[in-house]
C-alpha cells in the first residue's frame, strides 16, 4: 500500500517521505526520502511531520496515542481517531463523548430490562452503556446489565475483572468490590468497604458491605444502600435544587423526594473528575459525609447507577447530556421578560396589564394566567364568566408580540366533569390501604396519574380542546410534586409501582404528557414551566422554577445556589419568582429593596420572570360561585407597582434584558446542543483556579459575563473574586482588572455588579 501511494504521488508530481522500520521497505524504492525507524518512535514520527506538508498513514501499526499531540502541530488530514479508535474494541463502538459505565444490581432472579429510567435507550444516544460483571465468586451478590452485551470489552482474570469506556474504567476485585479510574490511571472513587474478607486491605471486623439490598418485610422489594469512600478534598455539585446557601454539597444530607421548592435530580459532579447518576426514582436520601458517601432507597427492585469521567466539569456535563438528553432550543420570543402574579382573575385585568406595558414602551415576551381560572379543578378549561373570549385574547396578545402561558394543575375535584372518565379508566393515583386518595383544597380533590400513558393521552386531549385549539401553546405545570405529606407517601400507588419506588418521576411524566402532545401537533422548540423535575426531564422542555419561596434577602441568597446546582444537575432552564413568592408588600420600602435587587439578578437568569403572591390579599366577591369556592388574588405586581424611583431602575433592566437576547440565544444554543448550564459556577469555566471552586454567591452568565447579585440590605459595594486567566472589565465603572484577585465592586441600589471577560463577544454592557 505504501508503495502504491508513493507511485501515485510521483505521477502527480508530489514529493514523498516514508517511514518504515524495514530498511528495504518497498515504498523506499520510489519515495524521494525515507526514515528507518519503528512505528512507535515518537521522535522519528515528529521528524517525518517536520519534513512534510501533509502526513498520512496506510495501516494500523502506528499507535494512535502518538499521533494525538502531532495532530495539534502538523497537517495530518486523517487526524488520529481512525487509528486510535480501531486499536481499542470499545472505541470502535463509541466516540469521544462516550465515557460512561452503568452498573445494576439485584437480588431478584433477573434484572428488570423494561426501564432505562433517566437514561436514553441504547442506540438513541451517543453514549452506549458498557457492562460491568462480577468475578465468578460473587454472581449471587450482584447481577449487572446494560450496553453492548456480549460484545462488551470485559477483561476477566482469575481474581479480578475490568472494563473501559472512553475515559472511565471500572475494576472489580475477587471480593466483588468496585473501583473507578480515569484514563490517566487516577482513582475517581471506590466502594466503601469495612470488613476483613481481604486481610491485606480491608481488615476491619465490622462486616459492612458497600452495597446491600435488604428485603422489606412482607413485600417483594428491598431497601437499598450504596456506599462510596469519602475524600477530604472532594467537592460535590448538582443534585437539582435544595433550599441551602451552600453550592458545595459536601457535608450535607439530602432528601431524595420532590417537594415544593425542592427538586430531586440525582446527578452530581465531583471535583475529582467524574459525574454520578443515581438512576433510581425511589424516595430515599444521599449523605455526602466526611467519612462516607451513601445513597439510599426506601423501596426498590434493584440498584442502578451510571458514572462518567471528564477532564473538566464542562466535559462531564456534556457526557451526562449525551446519556440523558438535552433541552430543546428555546424560542427567540421567550428569552425576554415574563410577567406574572397570583393571580390575574379576569381577561380584562390581564389585558389591561399588557396594554399598559406596551403603552409605556416596555418589552414583554410572555404573560401567565395562574391557577383557578378554571370552572373547577380537573375541568382544565376557562371559566367563561371571567374569560369570555380566549381566542380573541390570544389574537390580541399576538399583535403585541406576547405569548400566553396557562396554568395546569394535576388536581381533580370529585365533582369535575372529567372525574368519572378518569376514575373508570384507572387514571387516578391510588391508595394501597383505605379509600381512594383525596384531600381538601378548594374542594375535595384527588390527582391524575402522570405515570399512566393512557392518562397522559387523556389529559393532553382535554387540554388540547380547551387550550391549544384556542391558540395557547405554553403551559405552566404547577404542583408537579404532587403535593402530599411524607408521612403517607408509602400509601400511594402509581401505574408503574408504589410511590416509594417511582414517585420522583412524576414531574418528568407530567412534562412528557404535554411535550408529546405538542410534538404530535407539529410544534417545535417546546417548553413547559414546571415546579419539579427528575433526571432526564430536560429533554421534555422543562423550565424549572424554585417554588413558593419567601420574599426576603435570605431566600434570595439561597436561590443563587439553587439555580447553579440545578444547572449542574443537567437542568439548564431555570428561573425564580423575582422578589420571592410569599409575604411581599409592594408598598413597603424593605420589600421594595428586595424586589429591586432580585429584579436586577433576574435579568441574568435563564428566564426572567416576575411573580409573587403580594400583600394585602384581595378576597373574591362572591366567595362561592355555583357551589365552587373561589380563589382570591394578591396585590399588584407590575414594574410600576413599587414606586417611581424603583420603576426607572426596573425599566433599565427590562431594556437591558431585551438587548442581551442575541447573547442569550448563543447560551441557549449551547445548552440545546451540549447540555451546558446557562448559569455557571466560576469553576465551570475556570477549573484550574482553586478559589473558583469555593465560591457560591457569584456566577457566570454564559462564558463572558460575571454576575455578583447583591443580597444584603443597604449595600453600596460588594466584594467580588475575578477568576484567574483573564482580565475583567467592571461594567459600571469601565475599570479593567486582572483575574485571580478580589475587588470591591460598585453596587448602589441601581447597579448589580457585572464584569465582562476580556476577549468576549461585543455585548450591550
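The values are calculated or read from the model by the stated rules, or taken from the named source; none is laboratory data. Here the structure is a predicted model, which means the values were calculated and not measured. Glycine gets a Cβ as well: all are built from the backbone with ideal geometry, and neighbour counts include every protein chain shown.
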Regarding the stretch 72-84, can at least one residue be identified that is outside the structural domain of residue 275 (by TED's automatic domain parsing), modelled with pLDDT of 75 or more and not in a loop (DSSP other than H, G, I, E, B)? yes
Strands (runs of 3 or more DSSP E) contained in the stretch 519-593 and holding at least 3 residues more than 16 Å from the chain's Cα centre (by Cα): 582-584
Would you check if there is a residue in the stretch 466-482 being outside any strand (DSSP E or B), farther than 25 Å from residue 405 by Cα, modelled with pLDDT of 95 or more and touching a strand residue (DSSP E or B) at 6+ places or on another chain (Cβ under 9 Å)? no
Criterion: modelled with pLDDT of 95 or more, within 30 Å of residue 219 (Cα to Cα) and crowded, with 22+ Cβ neighbours inside 10 Å - qualifying residue of 324, 300: 300
Could you figure out which of (1) in a loop (DSSP other than H, G, I, E, B); (2) free of Cβ contacts under 8 Å to residues at least 40 places away in the same chain; (3) surrounded by 22 or more Cβ atoms within 10 Å (Cβ to Cβ) isn't true of residue 511? (1)
Out of the stretch 361-381, which residues are in contact with a helix residue (DSSP H, G or I) (Cβ under 7 Å, 6 or more places away or on another chain) and either part of a loop (DSSP other than H, G, I, E, B) or farther than 17 Å from residue 411 by Cβ (or both)? 362, 363, 364, 365, 366, 367, 378, 380, 381
Cβ-Cβ under 6 Å pairs, at least 6 apart or on other chains, the stretch 532-553 side farther than 17 Å from residue 409 by Cα, far side at pLDDT below 95: 551/583
Quick check on the stretch 261-277. Is at least one of its residues out of contact with any strand residue (DSSP E or B) (no Cβ under 9 Å at 6 or more places or on another chain), outside the structural domain of residue 528 (by TED's automatic domain parsing) and either modelled with pLDDT of 95 or more or under 24 Å from residue 558 (Cβ atoms) (or both)? no
Out of 402, 445, 412, 408, which single residue is in contact (Cβ under 8 Å) with a residue 12 or more places away in the chain, crowded, with 20+ Cβ neighbours inside 10 Å, within 33 Å of the chain's Cα centre (by Cα) and over 23 Å from residue 511 (Cβ atoms)? 402
Test set (1) out of contact with any strand residue (DSSP E or B) (no Cβ under 8 Å at 6 or more places or on another chain); (2) farther than 17 Å from residue 471 by Cα; (3) part of a loop (DSSP other than H, G, I, E, B); (4) modelled with pLDDT of 95 or more - residue 435 fails condition number: (4)
Being surrounded by fewer than 18 Cβ atoms within 10 Å (Cβ to Cβ), assigned to a helix (DSSP H, G or I) and not assigned by TED's automatic domain parsing to the domain that holds residue 513: is that true of residue 421 here? yes
Determine whether residue 472 is more than 26 Å from the chain's Cα centre (by Cα) and closer than 30 Å to residue 365 by Cβ. yes
